[in-house]
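The structure appears below as structure tokens.
Computed from the coordinates by the stated procedures, all read-outs in this text should not be read as laboratory data. Everything numeric in this text was worked out from a predicted model, so none of it was measured. Cβ atoms come from the backbone with ideal geometry, glycine included; neighbour counts cover every protein chain shown.
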Amino acid sequence: MKKLVFLHGSGSDKNAYGDLMHEVIEFCDADLITFNAPFKHPDKIDKYRWFNKFEKDGRRDAVVKDYTYSLQYIKEQLSNLHANTKDIILIGHSQGGGMAVHIGLEMELSSVISINGDLPYNISYKKITKTPIYWLEGGKDTYIDDNRKKSYQQILNNNNFHFLILKNSTHNDFKNDLLKAINNKEIKF
């Protein structure tokens with residue numbers, strides 16, 4: 001059976017969007033798996049993040065040590081879940097969305113869905129993958145600045161890359177547009 005693995009955003013936890021993820025698994029006939037990021041969030045009790053960021057040249061780049069640690073942490077979690085990673089659907093929101101895309105560029109998965117994600121510019125990415133990657137951008141997302149919204153361009157030449165704008169969605173409110181895209185088969189598992 002397929003596994004749908006959800007990676008939460010920074011300042012959240014594994015229970016974020018739990019009700020929505022339970023609706024999503026109905027479309028893909030999968031078991032839902034969630035786990036917390038490995039780093040505590042400094043401003044929120046019992047909340048987590050995948051990596052720290054720092055300001056550089058007007059950008060918010062990733063602390064490479066943290067990012068690399070989380071990347072390996074996620075890969076280990078996925079490998080321990082299922083012998084065949086091709087049966088894993090990886091979906092992430094915000095910081096978790098960027099992490100999901102990076103994992104999908106390095107591991108062969110069923111599919112990757114990034115919701116309002118961003119890819120740090122100071123990290124290197126593979127460009128070719130067999131994993132279908134869906135980059136979903138909230139049409140009304142004002143949390144992510146234009147520079148971060150364009151971070152997907154780092155992997156644009158990927159032959160399995162799909163870009164969708166969730167026109168009525170904000171950074172944290174994307175349920176209706178996401179379910180509509182899945183129901184209309186704009187996203188395939």
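Sorting SER114, SER169 from the fewest to the most surrounding beta carbons within 10 angstrom yields SER169, SER114. Which one, PRO42, TYR67, ILE144, is farthest towards the positive end of the dipole of the chain when Lys and Arg carry +1 and Asp and Glu -1 on their Cβ? Ranked along the dipole, the leading option is TYR67.
Two decimals is fine: what's Rg over Rh for segment 12-57, C-alpha atoms, Kirkwood radius as Rh? Value, to two decimals: 1.14.
By a straight-distance test (C-alpha under 19 Å), which lysines pair with LYS44 as possible cross-link partners, with residues fewer than eight away in the same chain excluded? Within reach: LYS14, LYS53. Close amide H contacts of ILE165 (hydrogens built in the peptide plane, cut-off under 5 Å, sequence separation of 5 or more or a different chain): GLU137. Mean sequence separation of contacting Cα pairs (under 8 Å, at least six apart), scaled by the length of the chain, corresponds to a relative contact order of 17 percent.
Looking at segment 1-97, send over the antiparallel percent of its DSSP beta bridges, to the nearest 5.
Rounded to the nearest five, the antiparallel share is 40 percent.
Treating r as the C-beta distance of GLU108 and LYS180 and R0 as 45 Å, the FRET efficiency rounds to 0.95.
Residue separation of TYR143 and ARG59 scaled by 0.36 nm, minus their Cα-Cα distance, works out to 28.8 nm of gained length. One equal scatterer on each Cα of the chain, no solvent, Debye formula: the resulting log10 I(q)/I(0) at q = 0.08, 0.11, 0.12, 0.14 Å⁻¹ is -0.22, -0.42, -0.51, -0.71. When every alpha-carbon pair in segment 87-189 is counted, what percent end up more than 16 Å apart? Counting every Cα pair in segment 87-189, those more than 16 Å apart make up 51 percent. Residues GLU106, GLU137, arranged from fewest to most other Cβ atoms within 10 angstrom of their Cβ, appear as GLU106, GLU137.
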